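Contents: one structure, followed by commentary.
The values are calculated or read from the model by the stated rules, or taken from the named source; none is laboratory data. Keep in mind that what you see is a predicted model, and the values were worked out from it rather than measured. Ligands, DNA and RNA are excluded from the accessible area calculation, which covers all protein heavy atoms including side chains. Shrake-Rupley method; radii C 1.70, N 1.55, O 1.52, S 1.80 Å.
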Amino acid sequence: MKILIAYDGSDCADAALDDLQRAGLPLQAEAQIISVAQVWLPPPPPSSYEILERANEVKVPADFKRVYSKDCAAMKTALALVERASDRVKTNFPGWKVSADASCGSPAWEVVFRADQWNPDLVVVGSHGRTALGRFVLGSVSQRVLTESRCSVRIARGRVEEPGSPVRIIVGIDGSPGSEEAVRAVAARTWPPDSEVKLIVVDDPLVPPIIGDIIPPLAETIEESNAEDRAWDETMLANSAAMLCGTEIKVSTEIRLGDPKKELPQAAEEWGADSIFVGSAGFSNRLERFVLGSISSAVAARAHSEEFKLMTTFVRYHVFTFDVTKESHPND
């Protein structure tokens, strides 16, 4: 398993590192930790000697800025942070092969760019837990990575729990290939003894309008439709539960009524869940996500720890969808 970890030295980033111990991840994995320095102002101009030295390190002129930026103060700070994170991960996961690197630029886009280059199975980021206004004004690295990344993304806010203690996981089920992959991800991991999974379908039933009182057949049609939807929900839950039957984790199911963007985080809070696994609808462009909204993004904004299987329509080569193992980017 290849895991890309974004780290900025904040408390939430440290919590995200410790949270990995409760993510069911394998004892053997390859992890790459990246820290991004936000260089708002350009570094001082180099001397003629430095220009010659840097020129020997680059192959094309476009690489010059990247190479020179390694000597700026912010970059050195990022390198120190990522080394600290590397030591922490190696302590928690001695069987992992861990590498560390730093870059400069926009944190979200640098993480997405590195993920595109390295093709990890999972990207891990911490969330600062800003309000909706804060996310709008300041932006959210975790939301941007979730939206743009081609692979699964784990957004961790972290809770104080003992490693090895039972984990409670909620999986949102809607019958899509993305939600099936979320269930498979849970089934493929190794969880502490006595851990539990709750599979939840959130249904928004039709409500007979006032005209249904005047025209009884209309109300009956709506009720029949709701009954069919209920039966389909139970079938989806049964099929998903069957995918987990070979594991030692305890499985329960629930059907809730309402908006999944609100009900899934609410269920997690009520049940004391550690993580929510959700499949992405895989909108083909940013306009669709803006107009229609994204359940995965909405859950990420509300819940305390989430993981998303990014399901898209097109397939490249290995992990999600129907009979292959990796998803493709919607724009490919």
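Taking a quarter of the surface of the Cα convex hull of segment 216-278 gives a mean projected area of 5.5 nm².
The alpha carbon centroids of segment 234-262 and segment 109-125 are separated by 30 Å. Stretching the chain fully between LYS76 and ALA241 yields a gain of 54.5 nm (0.36 nm per residue, less the alpha carbon separation). Among LYS198, LYS2, the sequence by solvent-accessible area, most first, with a 1.4 Å probe is LYS2, LYS198.
Applying a threshold of 25 Å to the alpha-carbon distances of LYS2/LYS250; LYS2/LYS198; LYS198/LYS261; LYS2/LYS261 flags LYS2/LYS250; LYS2/LYS198; LYS2/LYS261 as lying beyond it.
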